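See below for the structure under consideration.
The values are calculated or read from the model by the stated rules, or taken from the named source; none is laboratory data. Computed from a predicted model, the values in this text were never measured in an experiment. All Cβ positions, glycine included, derive from the backbone under ideal geometry; neighbour counts span all protein chains shown.
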């Protein structure tokens, strides 16, 4: 699977543009799992999802395959970052009590991911899988329709694996403990929404494949977003975040 986030321009933009929806998800995880000594965040990106686990874990390790993303990650006390892949973890057996993978499951080989999660998690450890879907603006539903019909549909297909499906993807010794649908609402400007969309793999793939130029896509996005945005104001953007908590059986 191609790593769309390893392009030199993506990391800095990602760190600036990605809205912090992770605190909402991390709070749900914490309420069900409780405090842990060591947590592992797979597909850490620039560290938003990693730092969100700090209230729950004494130490959090963020694992990320892209060097560019790691260069843009902000340090924090109790957090360390390691370059690597979820399918081949550079950690000792049973060295974590919690592993999370947010918005990155579909980039992984799930058989190898589950095998490695089983290896590095301790007895009765937890694996949290979550995603995030941008649902447009709370007070302007037309923006999402425009993005679907007039922006994303015009981009080349960006290959990825299926999203997590508990009915067919679960592998022993993991069982589904609970499913939670969380939602985050984030105030954003036109520029903030534009930058966020350009950090999505579909836009990055269009640029790196030569199908489009970033500046042209930015201009198209700016015109489209602005036409659905409250004049001169911030607006609440809505993100829906499905979360599956899996428990490793003894």
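Number of residues in region 164-208 that are in contact (Cβ under 8 Å) with a residue 24 or more places away in the chain, more than 15 Å from residue 129 (Cα to Cα), within 16 Å of the chain's Cα centre (by Cα) and part of a loop (DSSP other than H, G, I, E, B) equals 1. Residue count for region 10-51 satisfying the condition of being exposed (fewer than 14 other Cβ atoms within 10 Å of the Cβ) and in a loop (DSSP other than H, G, I, E, B): 3.
With respect to (1) surrounded by fewer than 19 Cβ atoms within 10 Å (Cβ to Cβ); (2) touching a helix residue (DSSP H, G or I) at 6+ places or on another chain (Cβ under 6 Å); (3) modelled with pLDDT of 95 or more, the lone exception for residue 1 is condition (3). Check region 155-163 and report whether any residue there is within 15 Å of the chain's Cα centre (by Cα) and surrounded by 19 or more Cβ atoms within 10 Å (Cβ to Cβ). No, that holds for no residue.
Scanning region 209-228 for residues that are crowded, with 18+ Cβ neighbours inside 10 Å and modelled with pLDDT under 95 yields a single hit, 228.
In this structure, does residue 125 turn out to be more than 15 Å from the chain's Cα centre (by Cα), farther than 25 Å from residue 4 by Cα and assigned to a strand (DSSP E or B)?
Details: more than 15 Å from the chain's Cα centre (by Cα): yes; farther than 25 Å from residue 4 by Cα: yes; assigned to a strand (DSSP E or B): yes.
When the stated conditions are applied, residue 125 passes them.
Checking the conditions here, which among 140, 132, 168, 202 is farther than 22 Å from residue 4 by Cβ and surrounded by 15 or more Cβ atoms within 10 Å (Cβ to Cβ)? Explain how you work it out, then say what you get.
Numbers: 132 fails: farther than 22 Å from residue 4 by Cβ; 168 fails: surrounded by 15 or more Cβ atoms within 10 Å (Cβ to Cβ); 202 fails: farther than 22 Å from residue 4 by Cβ.
After ruling out the rest, the residue left standing is 140.
Only residues that are touching a residue at least 40 places away in the same chain (Cβ under 8 Å) and in a helix (DSSP H, G or I) were counted in region 84-112, giving 5.
Quick one: which residue in 70, 63 is touching a helix residue (DSSP H, G or I) at 6+ places or on another chain (Cβ under 8 Å) and either over 23 Å from residue 197 (Cβ atoms) or surrounded by 16 or more Cβ atoms within 10 Å (Cβ to Cβ) (or both)?
Details: 63 fails: touching a helix residue (DSSP H, G or I) at 6+ places or on another chain (Cβ under 8 Å).
Answer to the check: 70.
Residues that are in a loop (DSSP other than H, G, I, E, B) and in contact with a helix residue (DSSP H, G or I) (Cβ under 9 Å, 6 or more places away or on another chain) do not occur anywhere in region 138-148.
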